[in-house]
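First up is the structure itself, then whatever we jot down about it.
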Amino acid sequence: MIDRRDVLKLALGSAAALTSPALAQTAVKPRTRIVFLGTKGGPRVTTGASNPANLVMVNDTAYVIDCGMGVSRQLVAAGVPIPSVKYIFISHHHSDHNLEYGNLFYNAWAAGLSTPIHSFGPRGVEAMTNAYWELNRFDVETRIEDEGRPDPRKLLIARDINEDGVVLQTSDVKVTAFRTPHPPITDNFAYKFETPDGVIVFSSDTAYNPKLAEFAKGADVLVHECLYVPAVDRLVIKTKNGATLKKHLLESHTTTEDVGRIAAAAGVKVLVLSHFVPGDDPLVTDDNWTEDVKKNFFGRIVVAKDLMQLALPV
Ligand SMILES: [Zn+2]
Ligand SMILES: [Zn+2]
């Protein structure tokens, strides 16, 4: 198991090597890495972990997966220039995954973007993009006229995904979408990134779905959402709509025990737990997140934290 300190040590180690002249000859910057930008499931903004977003970097090109509130700030905090984002993938249209979609693009434009960003997601991404330009027409047209900026509306190329299959293929990556149920939402996609240094699968939010294990078969890294049932019980006691909330959470997410089942069936090398539900309960420790996973999965487990990086190959 890799714990947080090991990964941070690894990240800090390589950063130090890159800046040390003595080691510069031998240091190799990871060509491929994942940065967990926001790890707290759900739309509520807190001072703790940021809302859902992930980043894959391959050869300095940034691929953002989900745009929860805070994604732009988290990219900056990770030292990734926002205009280096070339591709955005939205898993589904819960707001903790798309609330900052338009604004992430806007923030790239504000930081000097001059090349297109391609975005992909379930039906609605194209409409959301058009609506964004309506919402921000005054500012955008003023800045084009007044500041001589390029027209951003030509730089964001959105595409709705309607079915499973390859959505992007470049010289660096092949990205495949796979529909997975997240009741009541059915337009919801997991994404597989085949990179030169290994295969990464992001589960999206999902009910327990054994078919996802087939999709992730043999992946190097599986980043899976997770639900910790004892903490949900604590949460619902405090909530007026507690019973309904619990029913929704159990039907639409995957318990830690079932996440272990998926990772074991897929035979992944590293399982990363993220999109924690609940993501802001101080009583839940890293050991709590992994204890039931370990009943079924005996490989390496990472409990993701905001801004943690994982270099590939693993
Ligand atoms: Zn979510
Ligand atoms: Zn969701």
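Overview of values
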read-out	value
Residue pairs meeting the criteria (Cβ under 7 Å; at least 6 apart or on separate chains; first closer than 23 Å to Gln169 by Cα, in the stretch 84-101; second acidic (Asp, Glu) and away from ligand 2 (no atom under 14 Å from the Cβ))	Ser84/Asp60
Asp160 vs. criteria modelled with pLDDT of 95 or more, assigned to a loop (DSSP other than H, G, I, E, B) and more than 14 Å from ligand 1 (Cβ to nearest atom)	no
Thr239 being hydroxyl-bearing (Ser, Thr, Tyr), more than 15 Å from ligand 1 (Cβ to nearest atom), surrounded by fewer than 18 Cβ atoms within 10 Å (Cβ to Cβ) and closer than 20 Å to Lys40 by Cα	yes
The stretch 287-314, residues that are of a type outside the set (S, T, N, Q), over 17 Å from Ala213 (Cα atoms) and surrounded by 16 or more Cβ atoms within 10 Å (Cβ to Cβ)	Trp289, Asp292, Val302, Val303, Ala304, Asp306, Leu307, Met308, Leu310, Ala311, Leu312, Val314
Residues of the stretch 75-93 satisfying the condition of being within 16 Å of ligand 2 (Cβ to nearest atom) and of a type outside the set (Gly, Ala, Ser)	Phe89, Ile90, His92, His93
The lone exception for Asp187 - which of (1) of a type outside the set (Lys, Arg); (2) assigned to a loop (DSSP other than H, G, I, E, B); (3) more than 16 Å from ligand 1 (Cβ to nearest atom); (4) surrounded by fewer than 17 Cβ atoms within 10 Å (Cβ to Cβ) it fails	(3)
Neighbours by Cβ (under 6 Å, 6+ apart or cross-chain): first from the stretch 165-176, farther than 13 Å from Phe89 by Cβ; second outside any strand (DSSP E or B)	Asp172/Asn59
Any hit, the stretch 207-222, residues being of a type outside the set (D, E, K, R), outside any loop (DSSP other than H, G, I, E, B) and within 14 Å of the chain's Cα centre (by Cα)	yes
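The values are calculated or read from the model by the stated rules, or taken from the named source; none is laboratory data. Keep in mind that what you see is a predicted model, and the values were worked out from it rather than measured. Here Cβ is always computed from backbone atoms with ideal geometry, including for glycine, and neighbour counts include all displayed protein chains.
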